[in-house]
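Okay, structure first, notes after.
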């Protein structure tokens, strides 16, 4: 029996997207934070869909849902698929859930055809990818990868509830977190389908693209201290205007970001004190987010940026404090898996566009366990983390066809180093 997807797949996916979107802790908008009641409800529903698709399914000690579809033969290797189901506040319907529902659809097609592959498939549904409720991220995928710092289980939300306490309330056993980790041996890799969260695919008129790397990031908190003064009495030449200095620095950040097409650089927040219309700003604080798909590109830009900020501060006679508070290395996708995806995309008659991911993903954690790969699906106007987030359901069906073709053609022997 040939493996195919039903003509009703688009309708089924739409119904399931809507069903998950209704699982929210805040009526009127989609808020499904890690370990909340809505999160547990979504975990239970996803597990039920996995079982309908012929998988065994369980919720593990840190709140991940893991479904398994056995392979052919004894002790076959395993291919991982999946994404996350926690959301940001006031979220869209597709971030994370796209990769979950399409992975289940692929297994459903195999199960309907009674087809076993020379490898098992596990669909992983991770928790805390977004890092909204608790001051830590990638809890689920780090646990799977065996890199979870157990002290993060004591991280607390705004109400003083720790991850450990929330896990127990959800019926999980946080003390069993070491048992969540997967063995590295016999894993082929991890593939995630995700909305692009950017405008490139739409501009290229392509339904999907192949991710080459997940950008590494550096973030800084910058404080510029000048001198507050009367807006009417201090001559321009004698001012130490913190906001004017910060504004020039922000333009410097933009210049650095434009210096290489592989870089992006953003000033996302700025605060000014004392904040009165008739007072020269005495202090300005702002953030910088710097990303690139290769660490050496990002690090070189970071060094140039710091030098530029110091030069501006000296020229404007203001004090400068730069606090680097976050760093994540770039994560390359597996060349072998990228090649397999490229072949599947081309077999579908689609131009195989390769692009980096500017956003972070669970794959950054899973990469410590096994090779990773990603497909991006175009989203309307590149909008994400927003109720206006939208996809064309026909694109999602195309993506399932390509993922299924990728699985059917995947030869574990070709992935051996």
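FYI, it's all coordinate maths here, none of it is from the lab. Every value quoted in this text rests on a predicted model; they were computed, and no experiment measured them. Ideal geometry is used to build each Cβ from the backbone, glycine not excepted, and the neighbour counts take in all protein chains shown.
From Cα pairs below 8 angstrom and at least 6 apart in sequence, can you work out the relative contact order of region 273-417, rounded to a whole percent?
Once normalised by length, the contact order is 21 percent.
By count of other Cβ within 10 Å, fewest leading, how are 374, 23 ordered?
Fewest-to-most ranking of 374, 23: 23, 374.
I'd like to compare 377-387, 393-403: which one has the highest average count of other Cβ atoms within 10 Å, and what's the full order after that?
Going by the mean number of other Cβ atoms within 10 Å, highest first, we get 393-403, 377-387.
At a 10 Å Cβ-Cβ cut-off, how would you order 24, 147, fewest neighbours first?
147, 24
Before anything else, pin down the relative contact order of region 220-328: Cα pairs under 8 Å, at least 6 apart, normalised by residue count, whole percent.
41 percent
Angle, helix 97-112 long axis vs. longest principal axis of the chain, Cα atoms, 0 to 90°, nearest 10?
10 degrees
In the calculated pair distance distribution of region 220-328, what percentage of Cα-Cα distances lie above 25 Å?
Value for region 220-328 (Cα pairs over 25 Å): 24 percent.
Sort 11, 239 so that the residue with the fewest other Cβ atoms within 10 Å of its own Cβ comes first and the one with the most comes last.
Fewest to most other Cβ atoms nearby, the residues stand as 11, 239.
Rg/Rh for region 365-417 to two decimals, with Rh computed the Kirkwood way over all alpha-carbon pairs.
Radius of gyration relative to Kirkwood radius: 1.10.
Would you mind listing how long region 216-283 runs along its three principal axes, going by Cα atoms, in whole Å with the largest first?
That works out to 46, 20, 16 Å along the principal axes.
Treating the Cα atoms of region 275-417 as identical point scatterers in vacuum, please give the log10 of the normalised Debye intensity I(q)/I(0) at q = 0.13, 0.19, 0.21, 0.22 Å⁻¹, two decimals.
Ignoring solvent entirely, the Cα scatterers give -0.81, -1.25, -1.38, -1.43.
Rounding to the nearest 10 and keeping the result within 0 to 90°, find how far the Cα-based axis of helix 335-347 lies from the longest principal axis of the chain.
The answer is roughly 70 degrees.
For labels at residue 248 and residue 380 in the simple 7 Å Cα→Cβ model, what's the distance in nm?
4.5 nm
When averaged across all projection directions, what area in nm² does the alpha-carbon convex hull of region 304-362 cover?
So the mean shadow area of the Cα hull is 6.9 nm².
Any chance you could check the Cα centroid distance between region 30-68 and region 162-180 for me, in angstrom?
15 Å
Quote the relative contact order of the chain in percent (integer), defining contacts as alpha-carbon pairs under 8 Å separated by 6+ residues.
Once normalised by length, the contact order is 21 percent.
Evaluate the Kirkwood expression for the hydrodynamic radius of region 143-280, namely the inverse of the mean inverse distance over all pairs of different C-alpha atoms, and round to one decimal in Å.
It is 21.2 Å.
Pairing the Cα long axis of helix 37-52 with the longest principal axis of the chain, what angle in degrees results, from 0 to 90 and rounded to the nearest 10?
Taking the Cα atoms of the chain, the angle to 37-52 is about 30 degrees.
Expressed as a fraction of 2.2 N^0.38 Å, the rule-of-thumb size for a compact globular protein of N residues, what is the C-alpha radius of gyration of the chain?
Expressed relative to 2.2 N^0.38 Å, the Cα Rg reads 1.09.
Measure out, as a whole number of angstrom, how far apart the alpha-carbon centroids of region 260-325 and region 76-140 sit.
37 Å
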